[in-house]
Amino acid sequence: QVQLVESGGGLVQAGGSLRLSCAASGRPFSNYVMGWFRQAPGKERDFVATITPSGRSTYYADSVKGRFTISKDNAKNTMYLQMNSLKPEDTAVYYCAARLGGYLSTIRSAYEDWGQGTQVTVSS
């Protein structure tokens with residue numbers, strides 16, 4: 001099991017940027033596929049982005065492609081989500097998730113460990 005703690009959320013105007021961080025502890029971070037999901041009020045928790053254990057390959061939801069960038073620093077046991085050109089519809093609680101080994105996945109149930117979430121609010 002790996003413990004995950006998100007940070008970096010906040011209130012930003014439309015068009016602005018935020019960088020989320022996900023700090024991991026426990027098992028070796030470099031063994032994990034990592035992902036970001038988000039949940040808006042009254043909606044399902046949706047896939048945002050995912051990255052391989054090495055950090056070499058990534059995959060994004062169409063809604064964030066070209067605006068968000070996922071990355072990880074295995075030496076610091078930390079994953080990031082750089083969010084640019086933010087829109088009001090990006091408002092949600094953002095969660096990081098970990099999946100031991102395997103392939104990239106957009107499926108929530110494929111991830112074993114989750115953080116507590118960080119709120120991102122984009123005003124118009």
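The values are calculated or read from the model by the stated rules, or taken from the named source; none is laboratory data. Predicted model, so just to flag it, every value in this text is computed and none were measured. Neighbour counts run over all protein chains shown; Cβ positions are idealised from the backbone, glycine included. These area figures cover heavy atoms from the full protein model, side chains too; ligands, DNA and RNA do not enter into them. Shrake-Rupley method; radii C 1.70, N 1.55, O 1.52, S 1.80 Å.
Quick check on the stretch 80-101. Is at least one of its residues loosely packed, with under 14 Cβ neighbours inside 10 Å, under 14 Å from the mean Cα position of the chain (by Cα), in contact (Cβ under 8 Å) with a residue 40 or more places away in the chain and at negative phi?
No, there is no match, as no residue in the stretch 80-101 is loosely packed, with under 14 Cβ neighbours inside 10 Å, under 14 Å from the mean Cα position of the chain (by Cα), in contact (Cβ under 8 Å) with a residue 40 or more places away in the chain and at negative phi.
Could we say that V12 is over 22 Å from N84 (Cα atoms), surrounded by 15 or more Cβ atoms within 10 Å (Cβ to Cβ) and either over 13 Å from the mean Cα position of the chain (by Cα) or at pLDDT 95 or above (or both) here?
Against the criterion (over 22 Å from N84 (Cα atoms), surrounded by 15 or more Cβ atoms within 10 Å (Cβ to Cβ) and either over 13 Å from the mean Cα position of the chain (by Cα) or at pLDDT 95 or above (or both)), V12 does not qualify.
Restricting attention to the stretch 23-53, report how many residues are closer than 27 Å to S124 by Cβ and not acidic (D, E).
So the count comes out to 12.
Exactly one of (1) open to solvent by less than 30 Å² (accessible area, probe 1.4 Å); (2) not in a strand (DSSP E or B) is unmet by S109. Its number?
Single failed check for S109: (1).
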